[in-house]
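Q: Questions regarding the structure given below will be posed in turn.
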Amino acid sequence: MQQIKDICPGIAVIIFNDKKDILLQKRADVGFWGIPSGHVEIGETITNAAIREVFEETGLHIEILRLVGVYSDPKSQVFKYPDGRITHFITCCFEAKIVGGKISCDSPETLEVKFFPIDALPSNIIKMHPNWLKDALSNNGPHIR
């Protein structure tokens with residue numbers, strides 16, 4: 001395996017609709033489906049990063065409900081991009097609710113956004129995201145993994 005050269009603070013946001021379907025984004029950078037997620041920018045809080053990333057990637061305004069967990073285990077948090085970069089993410093995962101906006105794919109980071117039943121997730125989902133969903137559905141935590 002190639003050497004990891006980057007460590008990055010990340011956020012992920014689990015959003016359910018009224019039917020308990022989960023919102024997923026098809027990412028332009030890797031072509032996989034995943035929970036809306038991204039990086040914390042310099043001078044930004046993790047909650048502000050979560051709110052910003054969800055809006056940028058989906059067009060939705062959200063309110064953070066709770067911390068699902070903090071994930072740092074290299075076994076699940078090291079990601080290799082198609083361009084060869086390998087990054088170790090330290091991710092704070094939140095559950096949030098939609099408070100406004102309209103689903104859109106206007107971001108260059110997003111190919112598609114839609115809700116999926118939790119028992120019918122796409123097969124090409126980012127490897128660590130089903131674990132975050134499982135933790136969110138457990139209704140306990142926050143989890144530290």
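Q: With the requirement that a residue be more than 13 Å from the chain's Cα centre (by Cα), in a loop (DSSP other than H, G, I, E, B) and either of a type in the set (Lys, Arg) or over 17 Å from Val70 (Cα atoms) (or both), what does region 126-145 give you?
A: Matches in region 126-145: Arg145 only.
Q: Answer yes or no: is there a residue in region 89-102 that is more than 23 Å from Ile7 (Cα to Cα), in contact with a helix residue (DSSP H, G or I) (Cβ under 6 Å, 6 or more places away or on another chain) and surrounded by 15 or more Cβ atoms within 10 Å (Cβ to Cβ).
A: Within region 89-102 (the criterion being more than 23 Å from Ile7 (Cα to Cα), in contact with a helix residue (DSSP H, G or I) (Cβ under 6 Å, 6 or more places away or on another chain) and surrounded by 15 or more Cβ atoms within 10 Å (Cβ to Cβ)), the answer is yes, since at least one residue qualifies.
Q: Any idea which of Ser123, Ser76, Ser107 is in a loop (DSSP other than H, G, I, E, B), surrounded by 15 or more Cβ atoms within 10 Å (Cβ to Cβ) and not basic (Lys, Arg)? Show your work before the answer.
A: Values: Ser123 fails: surrounded by 15 or more Cβ atoms within 10 Å (Cβ to Cβ); Ser76 fails: in a loop (DSSP other than H, G, I, E, B).
Criteria check complete, one pass: Ser107.
Q: Let me ask something else about it. For region 121-145, which positions are of a type outside the set (A, V, I, L, M) and closer than 19 Å to Asp29 by Cβ?
A: Pro122, Ser123, Asn124, Lys127, His129, Trp132
Q: What pairs come up if the first residue lies in region 96-116 and is over 24 Å from Gly69 (Cα atoms), the second is among the hydrophobic types (A, V, I, L, M, F, W, C) and exposed (fewer than 12 other Cβ atoms within 10 Å of the Cβ), and their beta carbons are under 9 Å apart, counting only those six or more places apart or on different chains?
A: Cβ pairs passing all conditions: none.
Q: Testing Gly10 on (1) closer than 15 Å to Ala136 by Cα; (2) in contact with a Gly (Cβ under 8 Å, 6 or more places away or on another chain); (3) small (Gly, Ala, Ser), one condition comes back false. Which one is that?
A: The number of the failed condition is (1).
Each reported figure results from applying straightforward, stated rules to the coordinates on display, with no laboratory input. Note that the structure is a prediction, hence the values are computed from the model and not measured. For neighbour counting, all protein chains shown are included, and Cβ atoms are generated from backbone atoms with ideal geometry for every residue, glycine included.
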